[in-house]
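Inspection log for the structure reproduced underneath, given as structure tokens.
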Protein chains: 4
Amino acid sequence: MTTVPPTIDAVNQMIAEHFPGSNNTCTELGERFAVARRDVTDSEIRPGGYVSGPSQFGLADAALWYLVFTAIGRIEPMALTSELSIRFLRPAQGSVLWARAELESAGRRNVVGSVHVWCDDRFDKPTATAQGTYALPL
Amino acid sequence: MTTVPPTIDAVNQMIAEHFPGSNNTCTELGERFAVARRDVTDSEIRPGGYVSGPSQFGLADAALWYLVFTAIGRIEPMALTSELSIRFLRPAQGSVLWARAELESAGRRNVVGSVHVWCDDRFDKPTATAQGTYALPL
Amino acid sequence: MTTVPPTIDAVNQMIAEHFPGSNNTCTELGERFAVARRDVTDSEIRPGGYVSGPSQFGLADAALWYLVFTAIGRIEPMALTSELSIRFLRPAQGSVLWARAELESAGRRNVVGSVHVWCDDRFDKPTATAQGTYALPL
Amino acid sequence: MTTVPPTIDAVNQMIAEHFPGSNNTCTELGERFAVARRDVTDSEIRPGGYVSGPSQFGLADAALWYLVFTAIGRIEPMALTSELSIRFLRPAQGSVLWARAELESAGRRNVVGSVHVWCDDRFDKPTATAQGTYALPL
């Protein structure tokens with residue numbers, strides 16, 4: 001089990017290693033939050049110019065993953081999504097997608113967090129909100 | 001459709017009318033949040049002295065209902081829970097249960113909110129977190 | 001950790017011990033399913049004569065609990081709801097509430113199941129559907 | 001509002017039109033169910049050879065969309081995911097991902113369904129289970 005301290009650089013290096021070609025990056029990491037960012041590609045755009053739901057889910061899931069690292073104090077690639085529920089609040093239009101995850105609780109088995117997703121700089125107009133659980137290796 | 005302005009008193013009067021004998025009360029109402037409170041009764045206590053999950057769900061649901069009123073600007077008893085997901089974070093011990101709902105979005109059809117539940121004055125130690133959707137009459 | 005074989009009688013005896021006065025009973029237990037029943041009381045009825053959402057949540061949660069016992073092969077009172085999401089499908093009217101939980105997966109840490117809730121004998125008209133996770137003591 | 005009858009061919013033609021390059025196809029449509037299939041691409045594979053969670057979410061969402069068409073009797077591209085919760089049950093390994101959605105309820109405003117996701121021909125070993133709501137245009 002690695003114990004790399006979860007800095008932004010370390011998270012992004014891990015993403016590059018494990019997901020070569022991923023559009024996701026970690027842009028902020030706090031004691032109880034993490035922010036993920038993704039340049040939207042054409043294949044993620046739906047008719048009408050909207051960012052697809054699964055793309056938003058994917059970035060919310062990524063932000064929760066980064067949150068796990070900061071919550072438990074180490075990069076833990078084997079933390080796995082146990083469950084995630086998402087609600088879509090309004091159409092998502094823009095070229096950059098953001099997700100900010102906040103810590104609800106961290107235990108020995110699970111980390112629970114809430115996530116907001118938005119486009120460009122409209123963080124006050126979330127396009128989706130989610131809550132989910134990551135399971136930690138025991 | 002009533003258009004009673006959603007003050008704390010008006011919400012509590014509505015609760016008393018529609019749910020005589022209910023332990024739930026509304027204690028705070030803001031532009032984008034609502035707080036619900038409930039005196040825990042013996043029948044809600046589980047072995048070990050813990051407040052039951054369904055009790056926590058029930059108060060979270062009540063807080064979301066009050067949130068709907070403030071979000072749409074009127075007491076609307078016919079707003080109905082469409083879906084609600086809840087995560088239990090730690091054991092709930094105490095004699096008073098609280099739930100605070102925050103607005104995620106309000107549209108013509110739905111109101112979406114997030115809720116924290118805690119016991120006594122330990123709001124920094126939520127026992128449950130939830131997200132859900134209320135459907136508005138059209 | 002008790003290893004009482006999870007028969008219907010053993011489950012109901014456990015309910016009587018742990019939840020004296022509970023209206024919930026277990027009426028069926030199969031290898032991968034469990035059925036819970038509850039006589040609806042006046043305090044669970046909402047304006048219009050509908051069974052409340054939290055009552056339906058509570059019975060769904062109970063059915064999942066019984067499912068855990070049959071899935072892991074023992075009565076395990078310390079199995080706890082980790083998360084549960086519920087969707088309300090239609091108004092619930094009737095004097096008896098039912099919930100049937102079906103197994104999705106059982107592992108060392110968690111049991112996941114899906115639940116349907118209905119009134120009286122209208123099992124073809126579910127009033128709610130839910131999915132949730134119980135955490136097992138490790 | 002189009003009223004194309006929701007045959008498998010019509011659904012796949014709609015996918016091809018609205019999502020050129022999509023790997024998703026509809027393979028079965030019944031009165032109350034729909035099956036979606038997707039050839040897994042390299043970019044969807046995670047370390048260890050597992051199909052990513054967001055890919056599974058995406059196919060579950062697609063199966064629910066096809067279910068909406070058969071449930072309401074017409075191809076309705078403007079039906080939008082309102083909320084979706086997913087639970088991951090076991091590692092997903094394989095080259096083809098499947099999702100089968102079953103109808104829970106269809107109303108004027110919403111369609112609710114449950115979905116199982118699996119790999120290759122192991123439909124008895126679901127890798128994920130989900131429930132969600134699609135909102136219909138009013």
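The values are calculated or read from the model by the stated rules, or taken from the named source; none is laboratory data. Because the structure is predicted, anything quoted here is derived from the model rather than measured. Ideal geometry is used to build each Cβ from the backbone, glycine not excepted, and the neighbour counts take in all protein chains shown. The protein model used for the area step is the full one, side chains on, heavy atoms only, and it has no ligands, DNA or RNA in it. Shrake-Rupley method; radii C 1.70, N 1.55, O 1.52, S 1.80 Å.
Averaged over its residues, chain D has an accessible area of 41 Å² per residue, based on protein heavy atoms and a 1.4 Å probe.
Close amide H pairs (under 5 Å, H built 1.01 Å from N) link D:ASN110 with D:LEU136, residues at least 5 positions away or on another chain. A simple charge model with +1 on the Cβ of Lys and Arg, -1 on the Cβ of Asp and Glu and nothing else charged puts the dipole of the protein assembly as shown at about 0 debye relative to its Cα centre. The rotation axis taking chain A to chain D passes closest to the C-beta of one chain A residue; that residue and the distance in whole Å read A:SER85, 2. In summary, the lysines within cross-link reach of C:LYS125, defined as a Cα separation below 29 angstrom excluding same-chain residues under 8 places away, comprise D:LYS125. Share of carbon and sulfur in the accessible area of segment D:10-138 stands at 49%, probe radius 1.4 Å.
Converting phi to 3J(HN,Hα) with the Karplus coefficients 6.51, -1.76 and 1.60 and the offset θ = phi - 60°, segment B:102-113 yields 10, 6, 9, 6, 10, x, 6, 9, 9, 10, 10, x Hz in sequence order, with x at every glycine or proline.
Remark: relative contact order (chain D) = 25 percent; criterion is Cα-Cα distance under 8 angstrom and separation of 6 or more residues. Accessible surface of A:PHE88, taken over heavy atoms with a 1.4 Å probe and every protein chain present, rounds to 40 Å². For A:THR27, the residues whose modelled amide H falls within less than 5 Å of its own, excluding neighbours fewer than 5 places apart on the same chain, are A:VAL35, A:ALA36, A:ARG37. Once the C-beta distance of B:SER95 and C:THR7 is scaled by a Förster radius of 30 Å, the resulting FRET efficiency is 0.25 to the nearest 0.05. Take D:GLY107, move 7 Å from Cα toward the beta carbon, and the resulting point lies 1.5, 3.3, 3.4 nm from the same point in each other copy, nearest first. Rolled with a 1.4 Å probe across the full set of protein chains, the surface gives B:MET78 an accessible area near 110 Å². When each of the peptides D:92-98, B:41-47, C:45-51 is scored by the mean number of other C-beta atoms lying within 10 Å of its residues, the order from highest to lowest reads D:92-98, C:45-51, B:41-47.
If I take all pairs of Cα atoms in segment B:1-85, what percentage of them are more than 16 Å from each other? Here the long-distance tail beyond 16 Å is 53 percent of all Cα pairs in segment B:1-85.
Taking R0 as 25 Å, what FRET efficiency do you get between C:ASP42 and C:ASP121 from their Cβ-Cβ distance, rounded to the nearest 0.05? Efficiency, from the Cβ-Cβ distance: 0.70. With K and R counted +1 and D and E -1, the other residues having a Cβ less than 13 Å from that of C:LEU59 yield a net charge of 0. When the charge dipole of segment A:40-88 is built from unit charges on Cβ atoms (+1 for Lys and Arg, -1 for Asp and Glu) and taken about the Cα centre, the candidate among A:MET78, A:TRP65, A:PHE88 whose Cα reaches farthest toward its positive end is A:PHE88. Accessible area buried by the pairing of B and A, both sides summed with a 1.4 Å probe, works out to roughly 1100 Å².
Taking 4 °C and 1.567 mPa s as conditions, the protein assembly as shown diffuses translationally at an estimated 55 µm²/s according to Stokes-Einstein applied to its Kirkwood radius (Cα pairs).
Starting from the label point of C:PRO91 at 7 Å along Cα→Cβ, the same points in the other copies fall at 3.5, 4.3, 5.1 nm, in ascending order. Residues in segment B:7-12 carry Karplus couplings, in order, of 8, 4, 4, 5, 5, 5 Hz; the curve used is 6.51 cos²θ - 1.76 cosθ + 1.60 with θ = phi - 60°, and Gly or Pro positions show x.
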